[in-house]
1. Identify the residue in segment 67-81 that is of a type in the set (D, E, K, R) and either in contact with a Lys or Arg (Cβ under 8 Å, 6 or more places away or on another chain) or free of Cβ contacts under 8 Å to residues at least 24 places away in the same chain (or both) and, among all such residues, is nearest to ALA206 (Cα to Cα).
2. Which count do you get for residues in segment 111-122 that are out of contact with any helix residue (DSSP H, G or I) (no Cβ under 8 Å at 6 or more places or on another chain), of a type in the set (A, V, I, L, M, F, W, C) and surrounded by fewer than 18 Cβ atoms within 10 Å (Cβ to Cβ)?
3. Within the set of pairs 6 or more residues apart or between chains, which connect a residue that is in a strand (DSSP E or B) inside segment 99-123 to a residue that is charged (D, E, K, R) with Cβ atoms less than 9 Å apart?
4. Does VAL189 count as within 17 Å of ASN141 (Cα to Cα), modelled with pLDDT under 95 and out of contact with any Lys or Arg (no Cβ under 8 Å at 6 or more places or on another chain)?
5. Is it the case that LEU168 is buried (at least 16 other Cβ atoms within 10 Å of the Cβ), at pLDDT 95 or above and not in a loop (DSSP other than H, G, I, E, B)?
6. Inside segment 88-109, can you point out the residues that are hydrophobic (A, V, I, L, M, F, W, C) and crowded, with 17+ Cβ neighbours inside 10 Å?
7. If a residue must be farther than 18 Å from ARG198 by Cβ and either of a type in the set (Ser, Thr, Tyr) or surrounded by 22 or more Cβ atoms within 10 Å (Cβ to Cβ) (or both), how many such residues does segment 146-162 contain?
8. Look at THR247 and say whether it is among the β-branched types (Val, Ile, Thr) and modelled with pLDDT of 95 or more.
Amino acid sequence: MHGLGNDFVIIDAREDEMELSVAKAAAIADRHNGIGCDQLIVLRPSGKADVRMQIFNADGGEVEACGNAARCVAKLIGDETRIETDGGIIIGNATADGAIVDMGKPRFEWQDIPLAYAMDTLNMPVGWEDLQNPSAVNVGNPHVIFFVDDSASVELDRLGPMLEVDPLFPDKVNVNVAHIADGTIHLRVWERGVGLTRACGTGACATAVAAIQRGLVSSPVQVNLPGGSLVISWQQGENIQMQGPTTYVFSGEADWAQFG
């Protein structure tokens with residue numbers, strides 16, 4: 001499945017438990033020698049929700065949350081679905097063309113991002129080359145957001161991997177560059193462990209929250225990504241609501257032993 005081109009291999013392991021190593025997850029995600037995806041999603045039983053969603057990035061590393069994957073899982077299961085992730089419980093409701101997902105409350109404290117040391121996370125007094133004074137938001141995973149004049153002109157393929165591993169971000173970080181035009185957010189994302197993506201649901205949520213906090217846009221706001229658009233709603237103290245389409249691409253069988 002994919003959400004705005006952010007694509008997933010989804011394995012339903014709720015009844016047939018399977019173990020996945022970092023190497024096996026990366027081998028499945030490999031676009032040349034495996035099946036190929038941005039993230040590998042494994043559905044497992046949950047004691048606190050309808051399903052637990054385990055998320056592996058393309059490099060095989062596990063991450064806490066993925067908004068586009070949550071929409072795909074909600075659409076796949078149908079109706080209202082409570083999804084357990086390492087970043088918390090996500091509630092998804094299937095729609096005609098996708099899903100609306102309650103992503104929970106954003107976190108802003110420096111230690112919750114996390115950052116290496118204390119600072120204001122709305123207007124961070126740091127910068128890298130022309131990327132200056134970002135915001136940081138945790139929406140189940142860590143994001144740093146830069147508001148620029150033209151997001152398309154930023155060399156994100158060069159700056160993204162540098163910022164991802166900067167010592168300021170102990171758990172690495174997702175890097176977002178955005179500009180505002182006519183009340184709409186235009187966003188590009190470098191996703192940790194993946195690279196440049198056509199869409200990032202948690203990135204859209206984090207960027208919308210930061211833009212609303214800074215008074216740059218009002219809720220609800222449309223977020224345009226290379227793969228398409230999401231609508232994000234959020235008010236101070238409330239949960240983030242994300243709405244967008246999903247696409248079921250194909251199903252198949254694989255011999256998991258062949259992936260190492």
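1. Within segment 67-81, the subset of a type in the set (D, E, K, R) is 71, 75, 79-80.
Narrowing the set further to residues that are either in contact with a Lys or Arg (Cβ under 8 Å, 6 or more places away or on another chain) or free of Cβ contacts under 8 Å to residues at least 24 places away in the same chain (or both) leaves 79-80.
On the way: ASP79: 26, GLU80: 23 Å.
Residue satisfying both the conditions and the ranking: GLU80.
2. So the answer is 1.
3. Going by the 9 Å Cβ cut-off, the qualifying pairs are ALA99/ARG71; ALA99/LYS75; ILE100/ARG71; VAL101/ARG71.
4. No.
5. It is false that LEU168 is buried (at least 16 other Cβ atoms within 10 Å of the Cβ), at pLDDT 95 or above and not in a loop (DSSP other than H, G, I, E, B).
6. Correct list: ILE90, ILE91, ALA94, ALA99, ILE100, VAL101, MET103, PHE108.
7. 2
8. Judged against the criteria, THR247 is a match.
The values are calculated or read from the model by the stated rules, or taken from the named source; none is laboratory data. Note that the structure is a prediction, hence the values are computed from the model and not measured. Cβ: placed from backbone, ideal geometry, glycine included. Neighbour counts: every protein chain shown.
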